[in-house]
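First up is the structure itself, then whatever we jot down about it.
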Amino acid sequence: MDLAAVFEGELALLYMERYVDEGARTYSPLAGETEASPRYRPERGAPSFELVAVNTPRDRVSVFQADPSPGLLQHFVRPQGVLFAVHPETWANETVERLGDIRALPRDMSIRVAPTASTRTVLALERPKNGPGYFLKLHYPVRISRFNRELRRKNIHNSVAVSRDLANLRFDKFAYLPDTLGVAFGMDEQSWGFLVRETWPRPFVADRFLIPCFALYAGDLNHPDAPPLLVQMIDRLAAEPVSFVVDRILGPVVECWARAARQRGILLESHAQNTLLEVDRDCVPRRVVHRDFDVWVDPGARHRAGLGMPFLGRGMAADTDEAVKQHYSLVYDQFIGHHFFDYVAGILKRDYGVDEAIVRAQVREVFHHSFPDADRLFPLRTMFKFRTQSPPDRSVVLEDMQQPPVWR
Ligand SMILES: Nc1ncnc2c1ncn2[C@@H]1O[C@H](COP(=O)(O)OP(=O)(O)OP(=O)(O)O)[C@@H](O)[C@H]1O
Ligand SMILES: [Mg+2]
């Protein structure tokens, strides 16, 4: 892909989501696996497909809100009932609970969408008359990479609650794509549904463009010889590669992550699919835009910051200091360091002959500057990762790698 195409807006973003992810899913033996039907996959699937929608009486659904744009709220929550969206593969899956009840409801206008890199989050190709564009994150109970992609009431509640909480995180390099509306069919724990994620980052700044972070270093399926966008960007700006990458990309990711963890107890999973680089018209990176807020929350950090726990479940479900440290390591060392930064350092090495140790040393400095009390929250001399045989639900079995941290 040519860097200039980034300025074409939402369709360019969709192109990157679907096709500029080649070679980026090698970070674990499960990362490249998917049980989603081929036609709904981002890279090889149909150009678009339709979500099934039904009209549900208001009293049969739970609705969660984080200051949704009025046009979107009116589009989904209407006087005649709530528009409830279902992925077509979920709709056809006889084993999905409650489907009989949902299928019995009157059908509404279907919603034309295209998949993003996560497969179960899709971009609506038509926006409502008076609203911004939106993504829908869907209940899709098949395994995609490590997990079965269910979207239960708790996931919906927490994603919206974290979106609401992040409105309080003020930092000029931080922005987020809020899950502003969530709907679950039913009121109990097992109920499932969808999230509406707005395409405009908050706080909103005009004339900015988004690049999913994996598309900075991944290959383009349709143009295998095109240089990575990161390399095109460095060339276009005539930037010094190491300082550009550290000051404009990796450093800000670390700074945003440390602020969310320390000030709000929110452990953003800032890997390359959950972060987007926001650039201005000159292609200068301005902010890191975050998405996907079904994440762990550290009750201890919330308590220290004087904040409550408006989330369902027990935060990190970690009741010892040791378990808390393992979660911090998993999210920072693995999701951010290994699944994201290692790839960026790999490009600097391959295309500019940069010693990766130099990049790591500079990022470590940013890390300790942003996280002065890190030694209290991280395992000092080792890192943790998912055990290869972890069960495919969200329960986590972690393993001590017995290796010193690389990016801190
Ligand atoms: N380069 C990449 N790095 C990480 N994950 C990727 C990448 N490309 C595609 N993915 C996919 O994105 C998903 C990442 O999982 P994660 O739990 O962050 O997302 P999600 O909750 O399914 O959706 P969303 O991020 O849209 O809220 C997985 O399905 C994974 O296969
Ligand atoms: Mg994600």
Summing -39500 (n - 2.57) over every DSSP H run of at least 4 in the chain, dividing by its residue total and rounding to the nearest 500, the 222 nm mean residue ellipticity is -8000 deg cm²/dmol
Checked the range 329-376 with the C-alpha gyration tensor, a ≥ b ≥ c its square-rooted eigenvalues, rounded below a/c of 1.5, otherwise prolate if a/b is larger than b/c and oblate if not; verdict oblate
Neighbours of ASN55 by Cβ distance under 15 Å: Lys/Arg at +1, Asp/Glu at -1, summed charge +2
Each label sits 7 Å from Cα toward the beta-carbon; between ASP101 and GLU399 the label points are separated, in nm, by 4.0 nm
What the Cα atoms of the range 4-87 span along the principal axes, largest first and in whole Å, is 47, 34, 24
Rounded to whole Å, √(5λ) for the Cα gyration tensor eigenvalues of the range 248-301, largest first, gives 23, 11, 7
Checking PHE386, PHE340, PHE174 against a Gaussian network model of the chain (alpha-carbon springs below 10 Å), the top fluctuating residue turns out to be PHE386
Here, ALA239 and GLN389, labelled 7 Å along Cα→Cβ, have an inter-label distance in nm of 4.4 nm
Evaluated at 25 °C and 0.890 mPa s, the Stokes-Einstein D of the range 27-198 based on the Kirkwood radius over Cα pairs, in µm²/s, stands at 149 µm²/s
Any residue on another chain or 5+ positions along whose placed amide H is under 5 Å from the amide H of GLY186 is listed here as VAL61, SER62
The base-10 log of I(q)/I(0) that the Debye equation returns for the range 110-232 at q = 0.17, 0.21, 0.23 Å⁻¹, one scatterer per C-alpha, is -1.08, -1.35, -1.40
Burial-style ranking of 198-206, 224-232, average other-beta-carbon count within 10 Å with highest first, yields 224-232, 198-206
Taking Cα atoms, the helix 356-370 axis meets the longest principal axis of the chain at an angle in degrees (rounded to 10) of 70 degrees
Connecting every pair of Cα atoms under 10 Å apart in the chain and solving the GNM, the largest mean-square fluctuation among ILE266, ILE102, ILE336 falls on ILE102
Excluding ligands, DNA and RNA, the carbon-plus-sulfur percentage of the accessible area of the range 268-336 with a 1.4 Å probe reads 47 percent
The summed charge of the LEU166 Cβ neighbourhood (under 12 Å; Lys/Arg +1, Asp/Glu -1) stands at +2
Ranking PRO106, HIS290, SER270 by how far each Cα lies towards the positive end of the charge dipole of the chain (+1 on Lys and Arg Cβ, -1 on Asp and Glu Cβ), the top one is PRO106
Once normalised by the length of the chain, the mean sequence separation of its alpha carbon contacts under 8 Å that are 6 or more apart gives a contact order in percent of 16 percent
Binned at 5 Å from zero, the C-alpha pair distances of the range 209-400 give percents of 1, 7, 15, 19, 19, 15, 11, 7, 4, 1, 0
Taking r as the C-beta separation of GLU33 and GLN80 and R0 as 41 Å, the FRET efficiency to the nearest 0.05 is 0.50
Regression test value, accessible area per residue of the range 27-198, probe 1.4 Å, units Å², expected 40 Å²
Computed on Cα atoms only, the convex hull of the range 261-347 has an orientation-averaged projected area in nm² of 7.0 nm²
GLU33 neighbourhood, Cβ < 10 Å, K/R = +1, D/E = -1, net charge +2
For the range 296-375, inverting the pair-averaged 1/r of distinct alpha-carbon atoms gives a Kirkwood value in Å of 14.8 Å
Comparing SER159, SER69, SER270 in a Gaussian network model of the chain (Cα, 10 Å), the one with the largest mean-square fluctuation is SER69
In whole angstrom, largest first, the equivalent ellipsoid semi-axes that the Cα gyration tensor gives for the chain are 33, 25, 20
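The values are calculated or read from the model by the stated rules, or taken from the named source; none is laboratory data. Since this is a predicted model, take the numbers as computed values, not measurements. Methodologically, a virtual Cβ is constructed for each residue, glycine included, from the backbone with ideal geometry; neighbour enumeration extends over all protein chains shown. Accessible surface is based on the protein model in full, side chains and every heavy atom, while ligands, DNA and RNA are left aside. Shrake-Rupley method; radii C 1.70, N 1.55, O 1.52, S 1.80 Å.
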